[in-house]
Amino acid sequence: MEQRMDLERPVEDPVEASGGDPMEFEYDKNTRRSSLGGDSVLDQDFSDEVEVDGVASLTPLESVLGLQYGDDIFANRRAAEAHYHVDNCMANQPQVTQHMRCTLIHWLVKVNQQLHFGSETLFLAVSLCDRFLATTSLAQDCLQLLGLCSLLVAAKMEESVLPRVSELASICVTNYKHHHFTRMEVLLLSKLEFALYCPTSWYFLNHLALKATQQGAMDRRVLGVARYVAETCLGSYAVTQHKASVQAAAALTSALTLLPCPDLSATLHALLTDLYTPDERKDIRFCSYLMTQYMRPFLESLGLDNAHEHPPDPPSDPSHASRSPTPAGAPQDLRACGGGGGGDGGGGVM
């Protein structure tokens, strides 16, 4: 069954749908709580130190962002990601292909933007979707339903205002009913055993950015490009074979090939040496190479085809390449799967 992911249909405004009573919605959609690494926090100026009992202690930046606990949180999530990460989640899917997954993910990027959700919601939804595909064979005509339910579950964990099921159903050109969403949500939660809050590359990317900011070496342009690379490469099946922390470091490495920043490069090298093992740094290099190749069509369309004059080389060790399966027929770049985050071609046919 073919179904088109169509975003042209306007999304129903929840306030209007409720009869125009604004008291039903206490929070503004555009005002999200500031999470660790949120732009609204990073844009503030924290230059003075805080004195505790007359002794200079934490800077306001460290105090507000909770960096006194940042390293412990990072270590905890690094330990947890091995439990949540799945390799080759499409191995046992007879109907769903990597091409379909790619199209779904890039469509979810647009839906996430249309609903004014934060990026962490999108990254969490993709992780939930992949973990479900690793455990359960799915019919082709249910893939879009799985994506929307994953986004809904992620929104319940991250967002202040949730969309109605009717709002989600109106986004896609299908015959999904309310009970379809309910059943899929129950199935998703049961298959994942309610283990939902998994570490994402968005968290690790922001943690690395905050560590670099703490040392005064962060460049916001590089961070913006790294976030764009990480988001767009969610659709790359080869990239997602690597752990979330590796993807985050690879996104920053790829961004630095586009926008050279010597101070940040030196700081990032020191951070990676301190936080990652030698084998993980090899994985970061290879993952950065995969991201570079995956992003090339978009860079060419933006006139940045010469930005990668010296892209990272793939490792000679074949064991790294074997971790990134790309069977025949799988999309090799974004043109093959109908576009990407923020582009105009995300509404493919499934």
Worksheet item: So what is the relative contact order for region 167-262, in percent, with contacts set as C-alpha pairs under 8 Å and at least six apart?
Response: 31 percent
Worksheet item: Taking the C-alpha atoms of region 138-268, how large are the radius of gyration and the largest Cα-Cα span, Dmax, in Å?
Response: 18.3, 55
Response to the item:
Counting only DSSP loop positions in region 124-205, the trypsin sites (Lys or Arg not before Pro) whose Cβ has at most 15 other Cβ atoms within 10 Å are Arg164, Lys177
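Each reported figure results from applying straightforward, stated rules to the coordinates on display, with no laboratory input. Values in this document were obtained by computation on a predicted structure and should not be read as measured data. FYI the Cβ positions are ideal-geometry reconstructions off the backbone, even for glycines, and counts take in every protein chain you see.
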